[in-house]
Amino acid sequence: DRTVERYAPVFKSIAARSLRTNGRAQPHWRWRVFEVRSRKRSHVFPPGRGLSPWPRDGHERCPASTDTPTALSSDSESSTYAHREIASQMARFLRLSLVIACVSALSSTPAATKRVLVPVADGTEEIEVVTVVDVLRRAGADVTLASVEDDRAEVVCSRGVRLVADALVKEVTGRTGPRGGWDLIAIPGGMPGSERIRDSVRLHPTLEKHWRALRPIAGICAAPAVLFEPKGFLEGIAATSHPAFVDEIGGSLEETAPYVDGRVIWDANVITSRGPGTALEWSLCCVEALFGKEKAIEVA
């Protein structure tokens, strides 16, 4: 009974402790009860301390008793059983606590904000820019308006409207861009804005990487014909554009449906539209690509 009382703290902390024996960490479940039954007394040995039935370096095996085994006293048996029950209940409690903590952490983690890049340049169509930025921000997206002009955030749009971008393209692309990339890139039309965006050396690698990752990419007005087609983004993709540029779509022999006469065409990961009159519908399709149909209906 004294031996059991001596090792009682060990059994009570069995679920939370670990023992380092011979330079190796021994997990708590290696603490087992070894009972030597004899006529006179009973002993309880935790492995790794003194005599043990599991031989390790530096420890000798417990010698086999030559006495005739007999039943343990009722007090010793009840004490050992109680300690085992305490250890088992503590282990179950810790496992349950861990599961509850993990579920709480997952449920309390907010959804990641969708990041959208909208490049602009001198000559960009202002209705298309303002519409897509406004609609996406209403939906909850983190929209960055980036100027492709060198060291100048202010751009003069196709009708003389001046817009101030949130950043320069070189500040949000490459190594300085978001770590996980962009969730959507929406390119407005207008001339010569579409050509200036197409010719941006800093923006091209980001567009190429985004398209190869099959992430949503959207273009409107002249952008599908002036930018998407030369870069190969419309290979095998049905698309539309401004009526004045429809002849420039479909230059590849691999394109099965080069041009579709529709207000907004969404094929694979490419969303294209015709012009300022369809900018709102095009923007809502971008919302649906990011957040789903229900969110697009809510914003509309």
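The values are calculated or read from the model by the stated rules, or taken from the named source; none is laboratory data. None of these values were measured; they are calculated from a predicted model. Note: ideal-geometry Cβ built from the backbone for every residue, glycine included; neighbour counts use all protein chains shown. Ligands, DNA and RNA are excluded from the accessible area calculation, which covers all protein heavy atoms including side chains. Shrake-Rupley method; radii C 1.70, N 1.55, O 1.52, S 1.80 Å.
Note that segment 124-173 presents 46 Å² accessible area per residue, ligands and nucleic acids not counted, probe 1.4 Å. Over segment 111-258, what relative contact order in percent results from Cα pairs under 8 Å that are six or more residues apart? It comes to 22 percent, rounded to a whole number. Packing, taken as the mean count of other beta carbons within 10 Å per residue, orders the peptides 273-283, 227-237, 119-129 from highest to lowest as 119-129, 273-283, 227-237.
Across segment 205-212, coupling constants 3J(HN,Hα) worked out from phi with the 6.51/-1.76/1.60 Karplus curve, θ = phi - 60°, read x, 5, 5, 5, 5, 5, 5, 5 Hz, and Gly and Pro carry x. Taken along the Cα-to-beta-carbon direction at a fixed 7 Å, the label points for His204 and Glu281 span 3.4 nm. Using a probe radius of 1.4 angstrom, the carbon and sulfur fraction of the accessible surface of segment 85-224 is 56%.
Subtracting the Cα-Cα distance of Leu214 and Asp261 from 0.36 nm times their residue separation leaves 14.5 nm of extension gain. Rolling a 1.4 Å probe over the heavy atoms of the protein chains gives segment 187-300 an accessible area of 46 Å² per residue.
So if we plug the beta-carbon distance of Lys293 and Phe93 into 1/(1 + (r/R0)^6) with R0 = 41 Å, what FRET efficiency do we get, rounded to 0.05? Efficiency, from the Cβ-Cβ distance: 0.35. The amide H of Leu184, built 1.01 Å from its N in the peptide plane, has Arg115, Leu117 as neighbours under 5 Å, considering only residues 5 or more places off or on other chains.
Applied to segment 147-154, the Karplus parametrisation 6.51 cos²θ - 1.76 cosθ + 1.60 on θ = phi - 60° returns per-residue 3J(HN,Hα) values of 8, 8, 6, 6, 6, 8, 7, 8 Hz, with x for Gly and Pro. Computed from backbone phi, the HN-Hα couplings of segment 114-126 come to 6, 9, 10, 10, 10, x, 9, 8, 4, x, 6, 6, 5 Hz, rounded to whole numbers (Karplus: 6.51 cos²θ - 1.76 cosθ + 1.60, θ = phi - 60°; Gly and Pro given as x).
Judged by the mean number of other Cβ atoms found within 10 Å, the most tightly packed of the peptides 143-149, 132-138 leads the ranking 143-149, 132-138. As a ratio to 2.2 N^0.38 Å, the alpha-carbon radius of gyration computed for segment 122-198 takes the value 1.07.
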